[in-house]
Every structure is written in structure tokens, then in C-alpha cells.
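The values are calculated or read from the model by the stated rules, or taken from the named source; none is laboratory data. On a predicted model such as this, the values are computed, not experimentally measured, just so you know. Every residue, glycine as well, gets a Cβ built from its backbone with ideal geometry; the counts of neighbours run over all protein chains shown. Protein only, heavy atoms only, side chains kept; ligands, DNA and RNA dropped before computing areas. Shrake-Rupley method; radii C 1.70, N 1.55, O 1.52, S 1.80 Å.
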Amino acid sequence: MKNTLLIAVAGIGLGFAAGWLAKPTPETASRSVEDSARSSSRKMVSASPQSAAKTARRNRVVLGENAADDVDPELQKAIDETQSRQTKMMRKRFSDQFDLKIAAMVKELGLNAGQEQALRDFYAKQLEKIDISNMASIMTDPGKISEIAGAIRGDGLNDYMQAHLSGDQLDGLEAYQERKKKSQVESVALKDLAKLQQTLDLSLEQKDEVYGLLMEDAEKGLEEQSDADFVSRAMMSSYGVEMDLGDMDMGSMMELANPQNAGDLNQASMIQQIKDKRQKQIDAKVERLAPVLNDNQQVQYRKSLESKGGMLNMMIQGIEARSQTSGE
């Protein structure tokens, strides 16, 4: 069932916490399942074998196995309402983050009240674009994902503020953004270095060399990060949760799982491609640090990379176990 993989990938790819909280309450979902099952059972008693089979297939929709268009109306209503509330919650969290950014820029650039209001107006428009009320459409719409990513990043801020800031303030804004970008790269590199140090017990000389390489990799990784990966990690971060997906970029995974791109590729093949891509990434990372690490450290580094990606591993293992049980 290719759709199972798409749902699983999108569930973590667009924010596991968001997807979880966007589900209807257990009571509502249970009631909808039971009502749908009872209704379907009554219809199947008098229906033809072909009609009964069709109804049975539709019944599985309640568990999310088929297209969203066939979902039980009561359950779909509960999902829509809860996703709408979740969007409001998500916007509140990003609104708080935007407030911190605004306060920092007001102080950094010496903005007056009018300039600060222009800044707030810009971010208010960005909040309206952060909409996860229709997760099914977001899963397969790169344009929507890019719009949300741009809103979270604040794309277009400099152009918008040109009419409100002086030349010196615009230069100051660009310098501020460059410092923030550099700090982000350093933060990623230092976090990776700390993890490596715990695993490999690097010498002082090794630490300096490894840190230089990690800085280069962090900068490249941030530049090449897909919008889908950025959005998923930003959503999780807004809940104070770090996604443990290893080094996989969620954008490439969602492209693979998207039925529009998958064609006749079956679920087992898609999972194998994910595994193969992940293995290539591990090989590349080990090779990258090989000139600095000794043989034993390289072995330990590989093992540490293979152990990462807890959420991704759970997803793959769960789908494989289900396929073996069902004989798919």
C-alpha cells in the first residue's frame, strides 16, 4: 500500500507533533469508527457481494488506508475541526517566535514606533500563510510547503522594509541577518562536534580539524535544505522537540513517497530506496572525516550514524512489520 508510506512520511515530515495533535479526540474517533462500522454492517447484509466488498474497502478508510475523499463524513469533520484548532495553536507558537525577532531587530536597528509597526504588519501577513488545516493537500503540494517555509523564514522582509528603513538601517538589517546565519551554522557544527566527542574521544588536534569540516558541512546543509525538511523541523522545534531522523532530508523522502512521482514503484521498493540513500549518506560522512580519524574511531563513527534516526527507523520497521503480517 503505497499510500501507507506517504501518510507515515508526511506524518513526521510535516511535524509529528502537529499531525498527532491534529487528530480527533479518541472519543470522537472511536464513535465515528463504531458508527461507520455499524452502518456499513447493516448495508452489507442486504448488499450484493460486489457492493459488500466495496463497502468493506471503504470501511478501512477510517483507519487511514485509502484516499481522503472516502473518509467517513463524521470523522472527517472531527479531523477538519481539530486541524483548524491546531493551525491556531501553531500560529500562536510562531507568533511568539516572531515577537522575539521583532524585539531584537527593533533594538538592533533603533526602529521608531512606525517602523516597528511596519515590521509587525509584515510578520502578521506571514502568520496567515502558516496553515496546516488541510494536511492531505500539503503532503503533495510543493508550492504550499514552500509558502509555509517562506513565511516561517520571513522571506521578502528586506524588500518589504525598504520603504520604511533608512539606507543605514537596511545595511544594519543585512548585517544582522548575516550574523544570525553564521550563529546558526556554528550552533549546528558545535552540536555535532559535542556528539562526536562523546562517541570518539577526539584529541585537541582532531577536534580543531573536525570542527572545521563540520562548519563547512553545516553551512552546505543549511543552504541545500529542502523547504519540506525546514518546515517539518521548524514545527517540531516550536514544540521543543528535536526530530531524530538521522541526516535524511524530509523533502526527498516525501518526493519518493508521493504517488504522483512513485508511479508503479511499490512500498517495499520505496523503503529500500530510503535505506540505500541513507547508507550512501553514512558512507559519505565517514569518508569525509576519515583523514582525521583513526581506524577504530571510523568504526565507532559509522555505528553512531547507523544508530541515529530513531523516528525514521520506527516508521520503516512498523511498515515492514505490517506488510509481513498482512502479506503485502
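Observations on the structure shown:
- Of the residues contained in the range 237-247, one or more are found to be in a helix (DSSP H, G or I), at pLDDT 75 or above and within 16 Å of the chain's Cα centre (by Cα).
- Output for the range 142-170, where each listed residue is closer than 26 Å to Asn112 by Cα and acidic (Asp, Glu): Asp155, Asp159, Asp168
- You will find that of Leu170, Leu202, Leu196, Leu190, the residue that is surrounded by 12 or more Cβ atoms within 10 Å (Cβ to Cβ) and either aromatic (Phe, Trp, Tyr) or outside any helix (DSSP H, G or I) (or both) is Leu202 and no other.
- Residues satisfying the stated conditions in the range 80-112, i.e. hydrophobic (A, V, I, L, M, F, W, C), part of a helix (DSSP H, G or I) and surrounded by 18 or more Cβ atoms within 10 Å (Cβ to Cβ): Met90, Phe94, Phe98, Met105, Leu109
- Of all the numbered requirements in (1) in a helix (DSSP H, G or I); (2) modelled with pLDDT of 90 or more, Gln50 misses one, and that requirement is (2).
- Residues that are open to solvent by 70 Å² or more (accessible area, probe 1.4 Å) and among the acidic types (Asp, Glu), drawn from the range 113-131: Glu128
- Selection count where residues are modelled with pLDDT under 90, open to solvent by 50 Å² or more (accessible area, probe 1.4 Å) and part of a helix (DSSP H, G or I), scope the range 282-320: 5
- Boolean, Gln177 is assigned to a helix (DSSP H, G or I), at pLDDT 95 or above, open to solvent by 40 Å² or more (accessible area, probe 1.4 Å) and among the polar types (S, T, N, Q): yes
- Just one of the numbered conditions (1) at pLDDT below 95; (2) open to solvent by less than 70 Å² (accessible area, probe 1.4 Å) is not true of Met161: (1).
- Qualifying residues in the range 113-167 (those that are part of a helix (DSSP H, G or I) and among the hydroxyl-bearing types (Ser, Thr, Tyr)) - the one farthest from Glu223 (Cα to Cα): Ser137
- So Gly156, is it at pLDDT 95 or above, open to solvent by 50 Å² or more (accessible area, probe 1.4 Å) and at positive phi: no
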